[in-house]
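Chemist: The structure follows.
The values are calculated or read from the model by the stated rules, or taken from the named source; none is laboratory data. Because the structure is a prediction, the values reported are computed rather than measured. So basically every Cβ, Gly included, is an ideal-geometry build from the backbone, and we count neighbours across all protein chains shown. Surface areas here come from the heavy atoms of the whole protein model, side chains and all, with no ligands, DNA or RNA. Shrake-Rupley method; radii C 1.70, N 1.55, O 1.52, S 1.80 Å.
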Amino acid sequence: MLLVGSLGGNAVRHPLVLAVAAVVVVVVGWRMALGRRAFTSTDTTTPALGTDETRIVVEDSESDVSERIRRKRERYPRAVEFQRPTGFINTDSLRLSEVVGQRVILLEFWTFGCYNCQQTHPKLQRFWRQYADEGLLVVGIHYPEFDREREPANVRAYVDDADITYPVVLDTDGGTWDAYDQRYWPARYLIDIDGFVRYTHAGEGAYEETDERIRDLLAERKRVLAEA
């Protein structure tokens, strides 16, 4: 709250308070900007995720590395394998390394008690139904915030009620959350056919942009598979 005084009928704001308020605005704006930063095709300095042992690499040797892969290495981080999953829903098991090279992957970190996460699920379900036959795999990674969200039965009940049919990985111990240096619910990651993270978004929204990026990566997938 600004301090307001009176001088000749004019309101006067204390300069110290104004200065503090300006700093708060800058810091809040900076944090919001960080929360919504996306890895796009124009990024050239994306951070590495995970460790050398957890990142997914599909090339058997350096001789298998194509010019396409070399260019991507310089611009995008490698996706990270699921770390210590505690259960699965809508699938018996799942490893990203078994899917990379075949599909484009959309990951979303969420927890069922998060209202913002709940708002994203109809959109992700639509992506799954619309693009699964074209090569998209949608995966939810459930990392709990509160005790009731740690119970697998509660997660299953929510998945059934929300009509989520894509695979869900239970990350109760936070192994995958930590490997992706996660900070936000919800947060989505798009991984291309070569296993590189090509786009991220924290929070709700950007559904049209996500849809466009999915279609771009599916088109790339089609070209890569045709060249194989």
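Chemist: Return yes or no: is Asp161 among the charged types (D, E, K, R) and within 20 Å of Tyr189 (Cα to Cα)?
Modeler: For Asp161, the condition - among the charged types (D, E, K, R) and within 20 Å of Tyr189 (Cα to Cα) - is not met.
Chemist: What number of residues within the range 110-150 are aliphatic (A, V, I, L, M) and either open to solvent by 10 Å² or more (accessible area, probe 1.4 Å) or out of contact with any strand residue (DSSP E or B) (no Cβ under 9 Å at 6 or more places or on another chain) (or both)?
Modeler: Taking the range 110-150 and keeping what is aliphatic (A, V, I, L, M), we get 124, 132, 136-139, 141.
Filter again for either open to solvent by 10 Å² or more (accessible area, probe 1.4 Å) or out of contact with any strand residue (DSSP E or B) (no Cβ under 9 Å at 6 or more places or on another chain) (or both), leaving 132, 137.
Final tally of qualifying residues: 2.
Chemist: Do any residues in the range 205-228 that are farther than 23 Å from Lys123 by Cβ have Cβ atoms under 8 Å from those of residues that are part of a helix (DSSP H, G or I) and not aliphatic (A, V, I, L, M), where the two are at least six apart or on different chains, and which pairs are they?
Modeler: Listed by first residue and then by second, the contacts come to Val224/Arg68.
Chemist: Report yes if Tyr189 is at negative phi, open to solvent by less than 10 Å² (accessible area, probe 1.4 Å) and outside any helix (DSSP H, G or I), otherwise no.
Modeler: Numbers: at negative phi: yes; open to solvent by less than 10 Å² (accessible area, probe 1.4 Å): no; outside any helix (DSSP H, G or I): yes.
In short, no.
Chemist: Please specify each residue of the range 91-109 satisfying the condition of being surrounded by 15 or more Cβ atoms within 10 Å (Cβ to Cβ) and either in a loop (DSSP other than H, G, I, E, B) or in contact with a Leu (Cβ under 9 Å, 6 or more places away or on another chain) (or both).
Modeler: Leu94, Leu96, Val99, Val100, Gly101, Arg103, Val104, Ile105, Leu106, Leu107, Glu108
Chemist: Return a yes/no flag: does the range 122-132 have any residue that is in a strand (DSSP E or B) and within 29 Å of Arg223 (Cα to Cα). Explain how you work it out, then say what you get.
Modeler: Here is the first cut: in the range 122-132, the residues in a strand (DSSP E or B) are none.
Checking the range 122-132: not a single residue is in a strand (DSSP E or B) and within 29 Å of Arg223 (Cα to Cα).
Chemist: Then there's this: For the range 175-183, state whether one or more residues are hydroxyl-bearing (Ser, Thr, Tyr) and open to solvent by less than 30 Å² (accessible area, probe 1.4 Å).
Modeler: Scanning the range 175-183 turns up at least one residue that is hydroxyl-bearing (Ser, Thr, Tyr) and open to solvent by less than 30 Å² (accessible area, probe 1.4 Å).
Chemist: Right, something else. If we scan the range 201-224, do we find a residue that is at pLDDT 95 or above and in a strand (DSSP E or B)?
Modeler: The answer is yes; a qualifying residue exists.
Chemist: Being within 15 Å of the chain's Cα centre (by Cα) and of a type in the set (S, T, N, Q) is true for just one of Thr210, Thr172, Thr165. Which residue is that? So that I can check it myself, show each step before the final result.
Modeler: Numbers: Thr172 fails: within 15 Å of the chain's Cα centre (by Cα); Thr165 fails: within 15 Å of the chain's Cα centre (by Cα).
On inspection, the qualifying residue turns out to be Thr210.
Chemist: Which of the residues spanning the range 195-206 are of a type outside the set (Lys, Arg) and open to solvent by 10 Å² or more (accessible area, probe 1.4 Å)?
Modeler: First pass over the range 195-206, keeping only residues of a type outside the set (Lys, Arg): 195-197, 199-206.
Hits for the range 195-206 are Thr200, His201, Ala202, Gly203, Glu204, Gly205, Ala206.
Chemist: Need pairs with beta-carbon distance below 7 Å; first residue free of Cβ contacts under 8 Å to residues at least 12 places away in the same chain and within the range 64-75, second open to solvent by less than 80 Å² (accessible area, probe 1.4 Å) and acidic (Asp, Glu); sequence gap 6+ or separate chains.
Modeler: Final answer for the pair search is Val65/Glu59.
Chemist: Another one. Could you list, in sequence order, the residues of the range 145-186 that are farther than 19 Å from Arg129 by Cβ, out of contact with any Gly (no Cβ under 8 Å at 6 or more places or on another chain) and in a loop (DSSP other than H, G, I, E, B)?
Modeler: Glu151, Asp171, Asp173, Gly174, Asp181, Gln182, Trp185 - these are the residues of the range 145-186 that are farther than 19 Å from Arg129 by Cβ, out of contact with any Gly (no Cβ under 8 Å at 6 or more places or on another chain) and in a loop (DSSP other than H, G, I, E, B).
Chemist: May I ask you to list the residues in the range 163-174 that are without any contact (Cβ under 8 Å) to a residue 60 or more places away in the chain and open to solvent by less than 20 Å² (accessible area, probe 1.4 Å)?
Modeler: Within the range 163-174, the subset without any contact (Cβ under 8 Å) to a residue 60 or more places away in the chain is 163, 174.
Correct list: Gly174 only.
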